[in-house]
Amino acid sequence: MKTFIIIAAINAFLAVALGAFGAHGLEGKISEKYLKIWQTGVQYQMFHAAGLFVIALLMSKLPQAGTLNWAGWLMFAGIILFSGSLYVLSLSQVSVLGAITPLGGLAFLAAWVLIIVSAIKFL
């Protein structure tokens, strides 16, 4: 639980910092297309940082739900793969890196499914 609160807070902090960097540091340096891709990475990072907070809170209420631990690690992996690949794609403009992004999306989906399973089984 504590681990996911820390990971969530770090990712929320990074999403704010990377959002500001994209808006102020990258403007005029990369095309509008890649600024939008950067922004998508920031949005998904923040959404899933919030998801990690939810997982941590659920873990405190449902300590027997091991599926929540898996959900947390999958959500964190999704942030790295999804948002991370979009940041690298935006900066490098190497389009083949976009092939990594769906793996992060799958990790996000699996994490949300595990939260649903945990709610059905333990609430």
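Here the calculated FRET efficiency for W112 and A23, from their Cβ-Cβ distance with R0 = 30 Å, stands at 0.60, rounded to the nearest 0.05. Taken along the Cα-to-beta-carbon direction at a fixed 7 Å, the label points for T40 and L91 span 1.9 nm. Under the criterion of Cα pairs below 8 Å and six or more residues apart, the relative contact order for the chain equals 28 percent.
Centre-to-centre separation between the Cα atoms of the stretch 20-69 and those of the stretch 89-123: 11 Å.
Here is the result for the stretch 59-123: no chymotrypsin sites (Phe, Trp or Tyr not before Pro) lie in DSSP coil with at most 12 other C-beta atoms within 10 angstrom of their C-beta. Count charges around S95 for me, please; just the other residues with Cβ under 15 Å from its Cβ, Lys/Arg as +1, Asp/Glu as -1. Within the 15 Å Cβ shell, the charges total +2.
Whole-Hz Karplus values for the stretch 34-49 come out as 6, 5, 5, 5, 4, 4, 4, x, 5, 4, 5, 5, 5, 4, 7, 5 Hz, taken residue by residue from phi with 6.51 cos²θ - 1.76 cosθ + 1.60 and θ = phi - 60°; glycine and proline positions read x.
Every number here is computed from the coordinates shown, using simple stated rules; none is lab data. What you see is a predicted model, and the numbers here were worked out from it, not measured in a lab. Positions of Cβ are generated from backbone atoms using ideal geometry, with glycine treated the same way; all protein chains shown enter the neighbour counts.
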